[in-house]
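Below is one structure, written out as structure tokens; the observations come after it.
The values are calculated or read from the model by the stated rules, or taken from the named source; none is laboratory data. These numbers come from a predicted model, not from an experiment. Cβ placement follows ideal geometry from the backbone for every residue including glycine, while neighbour counts extend to all protein chains displayed. These area figures cover heavy atoms from the full protein model, side chains too; ligands, DNA and RNA do not enter into them. Shrake-Rupley method; radii C 1.70, N 1.55, O 1.52, S 1.80 Å.
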Amino acid sequence: MAETRPDRITGAQALIRALEHEHVELMFGYPGGCILPAYDPLLDSEIRHVLVRHEQGAGHAAEGYAHVTGKPGVAMVTSGPAATNLVTPLMDAYMDSIPMVAITGQVPTAAIGSDAFQECDTVGITRSCTKHNELVMSPADIPMAIRQAFHIATTGRPGPTLVDIPKDCLIAEMDWYWPTDQEVLDSLPGYRPNIKGHPRMIKEAAKLILASERPVVYAGGGILKARAAEALRDLVELIDAPVVTTLMARGAFPDDHPNCLGMPGMHGNATAVTSMQKSDLLIALGARFDDRITGKVDAFAPTAKVIHVDIDPAEQGKVRKPDVPIVGDADYVIREIIREIRARQAEGATQADTSAWKSTISGWREQFPLTYEMSEPGAALKPQYCIQQLHAHAPEGTIVASGVGQHQMYASQFWRFNEPYTWVNSGGLGTMGFAIPAAIGAKAARPDRTVWAVDGDGCFQMTAQELVTATLEKLPIKVALLNNSYLGMVRQWQEMFYDERYSEVFLDSSNTPDFVMWAESMGCAGFRVESPEEVAPTIEKANAINDRPVVIEFRTDAAEGVFPMVPAGASNDDLILHPSQQDRAAALQEER
Amino acid sequence: MSGSMNHHILSVLVQNRPGVLARVAGLFARRGYNIFSLAVAPAEQEGRSRITIVVDLDSAPLEQITKQLFKLIDVIKISELDPRRSVERELLIATVRAGTEARGAVLELVTIFEGKIIAVADEVLTVSLEGHPDKLDDFEDLLDSYGIVELQRTGRVALPKLDRGARLRAVN
Ligand SMILES: Cc1ncc(C[n+]2csc(CCOP(=O)(O)OP(=O)(O)O)c2C)c(N)n1
Ligand SMILES: [Mg+2]
């Protein structure tokens with residue numbers, strides 16, 4: 001096939017063809033003036049485009065898609081207000097290292113800088129919430145810009161990238177070409193993520209692990225990004241160490257595994273939090289020592305040495321100085337550590353005795369399970385109970401997306417995650433309204449799976465319009481709306497730290513809005529549940545509906561709080577237990 | 001003044017693409033790092049620029065700054081220049097009061113420092129001096145006693161010192 005005659009196509013055609021070359025099957029977006037030319041060739045493409053109802057929805061849906069597939073989510077929107085509507089999802093994806101490619105229309109090159117209609121400095125605005133962004137100034141540059149955007153979004157520490165394309169570049173013609181891998185690398189001379197980890201550091205890590213009497217594996221979201229769940233399990237079983245899975249890593253290690261202690265951090269369970277505090281070796285894998293995990297940094301895990309495996313060199317020592325920093329891909333490095341431990345064992349090295357540590361931990365687990373009190377007959381539902389029932393009735397492989405607030409913490413605490421890529425949430429940015437659009441993205445990626453969005457009454461009112469998208473695009477997600485009539489998480493802080501002075505947290509959402517009517521008006525099935533006996537049957541009803549989205553509004557107890565809790569800025573040693581466990585707090589400080 | 005102990009020089013080789021300076025400056029602003037001075041110009045290789053940044057280490061540890069900088073896709077290479085092992089230069093131009101009584105003294109100062117007179121008017125002179133930033137500091141101090149009307153310094157540029165043989169030709 002001699003390519004003598006140049007293949008003349010428009011920039012818009014080149015854009016769509018470039019997306020096809022990047023194996024994009026699905027994208028989320030919303031058209032408008034400057035991006036208009038790109039929507040025309042889309043009609044002739046195999047790529048499925050999901051038309052959202054707000055650009056923020058496109059961004060979060062792209063994130064949800066990326067969360068469950070590991071493939072980059074794609075969102076395409078127009079210039080100006082559409083680009084600014086995308087800022088929140090970009091920041092969300094940046095914080096949580098989600099691979100995502102955003103394409104924005106821009107005013108024609110000649111109009112840039114003139115305050116033209118719907119002009120905004122998109123690359124300027126998104127510079128600090130993308131891993132990289134680029135304003136294309138010629139149609140000939142489109143294929144390379146798209147290739148770079150996908151390459152950067154998906155390699156190293158993943159993250160969002162953005163390509164801003166002026167309208168005239170979409171309209172004008174160019175000679176199609178598709179850059180080679182080598183050309184992409186050559187165009188990015190400063191970008192070479194380190195995969196392998198330093199062999200000396202890997203040896204050092206193996207040595208520390210074998211010598212540790214109180215190890216804890218601190219698994220972060222990087223495990224999922226690196227697709228390292230299997231390697232993690234091999235390592236944990238080899239050294240028989242306890243594992244904590246952060247909010248971003250729920251599902252990276254099975255909750256039902258005997259070594260799994262669950263979630264650490266501000267609302268982590270007491271055993272997970274305290275085991276880190278008392279550990280002599282934290283094996284941090286794809287985790288970034290977030291303030292929600294460490295509490296007061298100076299008081300965090302004071303006796304622990306730290307092995308820190310992270311693909312982002314800037315995470316090493318950012319918060320806590322590691323004894324053994326390893327910059328590399330978590331999957332690769334964990335396998336190397338396993339190999340090194342095995343080699344040492346083959347040469348006769350033995351592992352230190354961890355049995356006292358294991359018995360201390362099992363003592364804590366017995367005394368400090370996550371707990372709540374069942375509601376009195378006739379009183380509002382307990383949100384934790386709703387989550388447990390949702391989980392009990394969920395088919396295998398169910399994906400849970402969540403909003404931000406108390407309901408998110410209950411979901412993370414009381415759902416049992418046993419499979420990677422089944423938990424989709426906004427960790428770093430804490431974006432209210434994330435659940436519904438993210439669930440739509442997850443459902444679009446995994447139509448075979450049940451997808452529950454666990455949402456709050458506050459969150460729901462931020463992005464509920466995307467249920468119209470879900471109905472019309474035949475993406476039948478299910479929403480469990482925990483309606484406590486409050487901005488519950490904020491209410492809890494006001495209760496605990498502001499003398500119960502409740503300021504602007506009462507949403508008054510027991511009548512307005514009528515969530516069931518609202519759901520029905522958007523084409524969903526809607527149910528309201530007020531008593532414990534109705535919980536399971538209604539969930540079963542919802543599970544049986546697969547031709548449209550379902551919303552179940554659970555009327556939950558506004559006074560319920562999330563426990564345990566480490567107050568912001570406090571030491572993890574000062575965690576506040578559930579009221580029913582506070583009498584035995586001293587047991588957490590006892591050494592065995 | 002430039003000679004603080006907590007200053008460190010980063011020589012940052014970047015791809016000369018639109019917005020690269022905004023990326024670097026934005027990163028410093030966003031992460032709360034302080035730039036003491038900054039100089040940018042095309043480097044020896046086509047399509048590359050070199051940014052010499054003097055950072056204030058009271059704001060953040062150097063290691064974090066360089067690692068975060070290196071995450072910028074357009075950043076190709078970062079060299080940390082230890083002031084003891086680098087050559088530094090800066091250019092200063094200043095308009096200074098030099099009426100009849102002071103003129104002789106100012107001219108003498110410029111001569112001692114091997115600076116240049118670049119413009120002359122009745123009451124003022126514009127002078128220039130190129131050299132090590134510390135030398136510029138001294139010059140600026142002394143000029144100030146006559147009254148500096150306007151002053152502009154370029155911010156320092158720096159390169160690693162050459163090895164011994166080559167260094168002999170370098171005067172500080
Ligand atoms: C966009 C956004 N605005 C504000 C906040 C602060 N915030 C965190 S949780 C929360 C309350 C959420 O209320 P709701 O969705 O009802 O959940 P609940 O805590 O009641 O379960 C608020 C306002 C946020 N995280 N995100
Ligand atoms: Mg609420």
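Structure notes:
- Other protein chain Cβ atoms within 10 Å, averaged over every residue that makes up A:181-188: 1
- Accessible surface of A:V468 - all protein chains present, 1.4 Å probe, nearest 10 Å²: 40 Å²
- Under 23 Å of direct C-alpha separation, and excluding same-chain neighbours fewer than eight residues apart, B:K71 reaches these lysines: A:K71, A:K131, A:K196, A:K225, A:K318, A:K321.
- Listed peptides A:50-56, A:347-353 by packing density, highest first (mean Cβ within 10 Å): A:50-56, A:347-353
- Cβ-based charge dipole, the stretch A:199-367, positive-most Cα from A:I223, A:G317, A:A356: A:G317
- Residue among B:S145, B:S128, B:S37 with the largest mean-square fluctuation in a Gaussian network model of chain B, springs linking Cα atoms under 10 Å: B:S145
- Cβ charges +1 (Lys, Arg) and -1 (Asp, Glu), total dipole of the stretch B:7-81, debye: 280 debye
- Amide H contacts of A:D255 (H built 1.01 Å from N, under 5 Å, at least 5 apart or other chain): A:F417, A:N418
- Complex-versus-alone comparison for the stretch A:117-162, residues with a loss of 30 Å² or more in accessible area, probe 1.4 Å: A:R127, A:S128, A:H132, A:E134
- Averaging Cα coordinates gives a centre for the stretch A:281-307 and one for the stretch A:551-592; these two points are 20 Å apart.
- Sites A:E230 and A:E540, calculated FRET efficiency, Cβ-Cβ separation with R0 30 Å, nearest 0.05: 0.35
- Where A meets B: accessible area buried, both sides, 1.4 Å probe, Å²: 1500 Å²
- Under 5 Å, built H, 5+ apart or other chain: amide partners of A:H132: A:L162
- In this structure the amide hydrogen of A:I9, modeled in the peptide plane, comes within under 5 Å of the amide hydrogens of A:M174, A:W176, none closer than 5 places in sequence on its chain.
- Ranking by accessible area, most exposed first, for A:E373, A:E63 with a 1.4 Å probe: A:E373, A:E63
- Here the stretch A:333-350 is scanned for amide nitrogen atoms under 18 Å from the site 7 Å beyond the Cα of A:R200 along Cα-to-Cβ, giving A:337.
- Accessible area (Å², 1.4 Å probe, nearest 10) - A:F497: 80 Å²
- What the phi angles of the stretch A:66-81 give under the Karplus curve with 6.51, -1.76 and 1.60, with θ = phi - 60°, is a coupling list of 5, 3, 8, 9, x, 8, x, x, 10, 10, 10, 9, 8, 7, x, x Hz, glycine and proline written as x.
- Accessible surface, per residue, of the stretch A:223-318 when the full set of protein chains is kept, probe 1.4 Å, Å²: 26 Å²
- Charged side chains reduced to their Cβ positions (Lys and Arg at +1, Asp and Glu at -1) give chain A a dipole of some 1200 debye around its Cα centre.
- Here the stretch A:8-187 is treated as a Stokes sphere of Kirkwood radius computed over C-alpha pairs; at 20 °C and 1.002 mPa s its diffusion coefficient rounds to 137 µm²/s.
- Net charge of the neighbourhood of B:D137, taken over other residues with C-beta under 10 Å away and scored Lys/Arg +1, Asp/Glu -1, is -3.
- With R₀ set to 41 Å, the beta-carbon distance separating A:R48 from B:R84 gives a calculated FRET efficiency near 0.10.
- Proximal charge balance of A:V454 [Cβ under 13 Å; K/R count +1, D/E count -1]: -1
- Three-way shape call for chain A based on the alpha-carbon gyration tensor, with the a/c threshold at 1.5: oblate
- Taking a ≥ b ≥ c as the square roots of the eigenvalues of the Cα gyration tensor, an a/c ratio below 1.5 marks the stretch A:196-325 as rounded.
- Bridge type composition, the protein assembly as shown - antiparallel percent by DSSP, nearest 5: 45 percent
- Taking the accessible area of the stretch B:7-81, probe 1.4 Å, and keeping the other protein chains in place, the carbon and sulfur fraction comes to 52%.
- Remark: the stretch A:451-528 projects, on average over all directions, an area of 5.4 nm² (convex hull of Cα atoms).
- Sequence of A:H21, B:H7 when ordered by accessible area, the most exposed leading, probe 1.4 angstrom: A:H21, B:H7
- Under Karplus coefficients 6.51, -1.76 and 1.60, residue-wise ³J(HN,Hα) of the stretch A:473-485 in Hz, glycine/proline x: 8, 6, 10, x, 7, 10, 10, 9, 9, 8, 8, 9, 6
- Listed residue (B:P42, B:P18, B:G32) projecting farthest to the positive dipole end of the stretch B:7-81, Cβ model: B:P18
- Averaged over the residues of peptide B:67-76, the number of Cβ atoms from other protein chains lying within 10 Å of each residue's Cβ is 6.
- Cα centre as origin, Lys/Arg/Asp/Glu Cβ charges: the stretch A:8-187 dipole, Debye: 340 debye
- Solvent-accessible surface of protein heavy atoms, probed at 1.4 angstrom with all chains present, puts A:V404, A:V77 in the order A:V404, A:V77, largest first.
- Size descriptor for the stretch A:1-57, Kirkwood hydrodynamic radius: 12.7 Å (Cα pairs only, one decimal).
- Positive-pole candidate from B:Q68, A:P89, B:V96, dipole of the protein assembly as shown, charges at beta carbon: B:Q68
- From phi via Karplus (6.51, -1.76, 1.60), per-residue ³J(HN,Hα) for the stretch B:37-52 in Hz, x at Gly/Pro: 8, 8, 9, 10, 6, x, 9, 5, 9, 3, x, 10, 10, 10, 10, 9
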